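Q: Before we start, here is the structure in question, set down as C-alpha cells.
The values are calculated or read from the model by the stated rules, or taken from the named source; none is laboratory data. A quick note: this is a predicted structure, and the numbers were derived from the prediction, not measured. Please note: Cβ atoms are built from the backbone with ideal geometry, for glycine as well, and neighbour counts cover all protein chains shown. The protein model used for the area step is the full one, side chains on, heavy atoms only, and it has no ligands, DNA or RNA in it. Shrake-Rupley method; radii C 1.70, N 1.55, O 1.52, S 1.80 Å.
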Amino acid sequence: MPDDAAARAAAEEESAFSHPPVDPDATAAYGDHPDQVIDFYAPRTPEPPSSAPPAPLSPLIVVLHGGAWRAPYDRRHMTPFADYLARRGFAVANVEYRRGADGAGVTGETAPVAGRWPDTFDDVAAALDALPALVRETLPYADPRRMVVTGHSAGGHLALWAAARHLLPDDAPWRTARPVPLRGVVALAPIADFAIAEKLDVCGGAVRQLLGGDDKFAERQPYADPSLLLPTGIATTLVQGRSDIDVPQAVAESYADAAAKAGEVVGLTLLEDVGHFPLIDPAADACAVVAEEIAQLAW
C-alpha cells in the first residue's frame, strides 16, 4: 500500500509539472532583490462591444507558491495555475519571494535548506503591502479591494501567516496595526501547524530549517506559526486532499481545531482520492474545486 501511495503521488506531481509555464502579462518589482517580483495576469474575459458599459473590475487573487520554502522551487511552476484562474475571470498576482539558499541557514543540513530567516517573511509582508499601488499601475483590470490570498503547501503557510500579521508579537517587524484588507484566504494543503508538521517530518524537516534549526525553533515559532496566530477575523478556507502524503491531512485538521478553540470557524474542504499536487493542476478536477472556493470568497 505505501508503494501504491508513493506511485500515485509521483504521477500526480508529474501531471502538475507537465504544463508549460505561462508568461505573465506584466511583472513588477516590490524590492531590489531579483526574487522580489510579482507576475501579473489579466483576466481572460472576452472583449465587450465598444457600446457596452464598462466591465466591473475583477477580484485580485494573490498566489503564493510552495516548494517547502526551498530555492529550487520558484513561482514558475505556479504559472499554469495562475493562468487557469485568469481564464476564470480573475486578476492574478503570482508572488516570488526569497527561499533557502544551498547550504545556508542551518549547520550540518544538506542543501537546499528551507527558507531564509527573516528574508522569506520580509518579502511576503513587503509584497502584500506593495500590491495595491502596483496593481493600480500595472493591472487596471483588478480590484485590490476584493483580494483573496491563496497558496499551496509552504505557500499555504505564507497565505495564512500574511492574514495574521496583526496578531504577531508586538516586536515583530511584520506586525500591522489592523488586519490586512482581504476578502479571504484559501490555503491549499498548507503547512499550517508547525508542531504537527515537525512531528510528522513534513518535507524533510522543512519547518525546523525555516526557523533556523532546533536552537531557534521555540524562539521563532510565535512569529511564524499560523496555528498560534488566531483568530484572524478573516474568512479562511483550507482545501486538503485526503491522500496527501507530502503534507498530511492531520496538519490542516490541527489548524482548524486550533481556530475552533480560538472561537473562529475555518472551512475545511477534504477531497477524497486526492493527493498534494492536483490542487494546483489545471488538468485535475480538484483544481476546479479550488477555483470555486476562491470564487465564493472573492465575489
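Q: Considering only residues that are assigned to a helix (DSSP H, G or I), closer than 14 Å to Thr237 by Cβ and out of contact with any Pro (no Cβ under 6 Å at 6 or more places or on another chain), which ones fall in region 261-299?
A: Selection gives Leu279, Val289, Val290, Ala291, Glu292, Glu293, Ile294, Ala295, Gln296, Leu297.
Q: May I ask you to list the residues in region 242-293 that are charged (D, E, K, R), without any contact (Cβ under 8 Å) to a residue 60 or more places away in the chain and in contact with a helix residue (DSSP H, G or I) (Cβ under 7 Å, 6 or more places away or on another chain)?
A: Arg242
Q: Specify the residue that is nearest to Ala71 (Cα to Cα); the eligible residues are those in region 174-220 that are open to solvent by 60 Å² or more (accessible area, probe 1.4 Å) and without any contact (Cβ under 8 Å) to a residue 12 or more places away in the chain.
A: Among those residues, the one meeting the criterion is Asp201.
Q: Give Thr79, Thr120, Thr150 a once-over and let me know the one that is under 16 Å from the mean Cα position of the chain (by Cα), part of a strand (DSSP E or B) and within 22 Å of Gly31 (Cα to Cα).
A: Sole residue among the options that is under 16 Å from the mean Cα position of the chain (by Cα), part of a strand (DSSP E or B) and within 22 Å of Gly31 (Cα to Cα): Thr150.
Q: Let me ask something else. Evaluate region 114-134: report whether one residue or more is among the polar types (S, T, N, Q) and surrounded by fewer than 24 Cβ atoms within 10 Å (Cβ to Cβ).
A: Checked against the condition, which is being among the polar types (S, T, N, Q) and surrounded by fewer than 24 Cβ atoms within 10 Å (Cβ to Cβ), region 114-134 yields at least one hit.
Q: Among the numbered conditions (1) buried (at least 18 other Cβ atoms within 10 Å of the Cβ); (2) touching a residue at least 60 places away in the same chain (Cβ under 8 Å); (3) part of a loop (DSSP other than H, G, I, E, B), tell me where Tyr223 comes up short.
A: Exception for Tyr223: condition (3).
Q: Do you know which residues across region 238-260 are open to solvent by 20 Å² or more (accessible area, probe 1.4 Å) and not in a helix (DSSP H, G or I)?
A: Scanning region 238-260 gives Arg242, Ser243, Ile245, Asp246, Pro248.
Q: Yes or no: Val289 surrounded by 20 or more Cβ atoms within 10 Å (Cβ to Cβ) and closer than 27 Å to Met147 by Cα?
A: Judged against the criteria, Val289 is not a match.
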